[in-house]
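Have a look at the structure below, then the notes.
Each reported figure results from applying straightforward, stated rules to the coordinates on display, with no laboratory input. Note that the structure is predicted; figures quoted are calculated from it, not measured. Cβ placement follows ideal geometry from the backbone for every residue including glycine, while neighbour counts extend to all protein chains displayed.
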Amino acid sequence: MNKRTILKRSVTKLHPIYTASVFFIGVVLVLLIVTDVLIHHSVVPSYQKPKLPMSVLPTHFYPKAPIKILSLDSVLQYVDPIQASVKNNHPDEYTIIATGDVIPARSVNSKLVGLQNFTFPFEKTVSFLKSADAVFINLETPLIHNCKPTLEGMIFCGDYQAAEGLVYAGVTVASIANNHAGNYGIDGVTNTIELLKQNKIQVTGNGEPTIVTIRDKKFGFLGYNDIGTKEQGIEWADIPHLQQEIQNLKKKVDFVIVAYHWGVEYVSLPSKRQIELGHVSVDAGADLIIGNHPHWVQGVEQYKGKFITYAHGNYVFDQMWSRKTREGVLGKYTFNKNGLIHVAYVPIIIDTNLQPRFASQTEANTILARMKTSSETIRKGASTQ
C-alpha cells in the first residue's frame, strides 16, 4: 500500500469528526453574535436579558452605583478633631465643611474691635476648616464701616475688618440668606457682598447661585431665608421659586448644596416646615441640605439617598446665657463622583471669652448623643409644629 492510499484513508476516517467540530464552532459563533445584537440593541426586554458575567457586559450595561446609606452610628460617632483636621488628598474625593451660625456682631464685634484681632474667633478651630476643599458659612450680619460696638440689641452689624477672619478661616462661600443680613437695609447688603467678593469669598442667598470648581467637579451653592419677612437683596424660601432654581443649577453642576435659615429657635427637633423644605429641595435635585438658625444642634435625616442636617448650632456668636447656645458642630461632608460618601461632625464649645474651641470627647459625645436622639425621633415622623 503506497503512502497516497494511506493518507486518503486517514482523511476519510477523520472527516466526520472534522465536520462536527466545524459545525459546533459555527453554532457557538452564531449564538455569540445574536446575543451581542440583542444586548446592544435592546431587542430583548430588560427583564429577559441574559445574565452575563460582569467581565463581558458592554460598558453601558453596568448597573448604576448604589445609593450610599449612612448609618446614624457612623455619622454621629466621635472623631478626634486633630485626626479629622488631616486634609484628604484623594484626587477623586471632595470635602465641604459647613459651620453653625457665624455672627461677628454685638459682643463678638466689640471683642474683636477691642483686640484689633479679627481672626480671634477661628484661631482654635482653623486647622479643621483648612482641611476642606471648600468652607460654607451662614453669615448672619452685615459687615460695614462705622459699625458701632455694642453689647446688646437685635440690629446686628460687624466691622468690615471681620472679613479678615473669614479669609483666615478659609471661607469659600457665604450665604447671606437669613433674618439679620438685611439689618442695615439694601446698602448694608450691597456693601457686604462687595466686601466679601473683594476678599475672594463667593456669595449666595442674595438671589444668585454660585459655583465652586473643585478639581474636575462643580459644586453649586444656593441659600434661602425662611425667618421673618421678605427683604430686598435676601433670597426668600418660596417653594416654586426655589424648586426652579435648584433644577436650573443642577443642569450646570455635578452637585447642588442648599443652605436654609429656618425653623424654631432653641428646640432640638426640626419643624414641619423645615422637613417640607428639605424634602422638596431634594426632590428638585439638591444633593445636600445645610440648616441653621435654631441656635441649638438638631438631628439629621437621609431622604431618598440625600443628606439633610437640620441645624449646626452656633459657631461664632455671643449667646453665653446657656450651655446649648454655646454649642455647635462643624459638619464635614465628603463626596466622590457618585455623591456623598461620608459625613462627620466635630462639636465645638464657645468659651466664656467668646472664642470657639474643639469640645472635649466627653462634651462632644453629649452633643452628638443629642443629635442622635433628635435624628431617631425625626425618623419616626415627629417634628415641632
Please give the charge dipole size of segment 72-379, origin at the Cα centre, charges +1 on K and R Cβ atoms and -1 on D and E Cβ atoms. Round to the nearest 20 debye.
400
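How would you classify segment 72-379 from its alpha-carbon gyration tensor, with a ≥ b ≥ c the square roots of the eigenvalues: rounded for a/c under 1.5, else prolate if a/b is greater than b/c, otherwise oblate? Mind showing how you got there, number by number?
Numbers: a/c = 1.32, a/b = 1.13, b/c = 1.18.
Rounded, since a/c falls under 1.5.
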Of LYS217/LYS332; LYS130/LYS218; LYS251/LYS272; LYS304/LYS337, pairs whose Cα-Cα distance is over 23 Å:
LYS251/LYS272
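Under 15 Å from the Cβ of ASN109, count the other residues' Cβ atoms, weight Lys and Arg +1, Asp and Glu -1, and hand me the total.
Values: positive: ARG106, LYS111, LYS148; negative: ASP101, GLU140, GLU152, ASP159, GLU164, ASP318.
With Lys, Arg at +1 and Asp, Glu at -1, the neighbours total -3.
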Starting from the Cα of LYS200, step 7 Å toward the Cβ, then list every residue of segment 132-148 with an amide N under 19 Å from that point.
132-137
Between segment 70-112 and segment 315-380, how many Å separate their Cα centres?
8
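If contacts are Cα pairs under 8 angstrom and at least 6 residues apart, what is the relative contact order of segment 94-242 in percent? Don't skip to the answer; put the middle values down first.
Numbers: 294 pairs, mean separation 33.2, N = 149.
Relative contact order of segment 94-242: 22 percent.
Under the 0.36 nm per residue contour assumption, what length would be gained going from the current alpha-carbon distance of TYR266 and THR150 to full extension?
Working: separation 116, 0.36 × 116 = 41.76 nm, distance 2.37 nm.
Going from the current span to full extension adds 39.4 nm.
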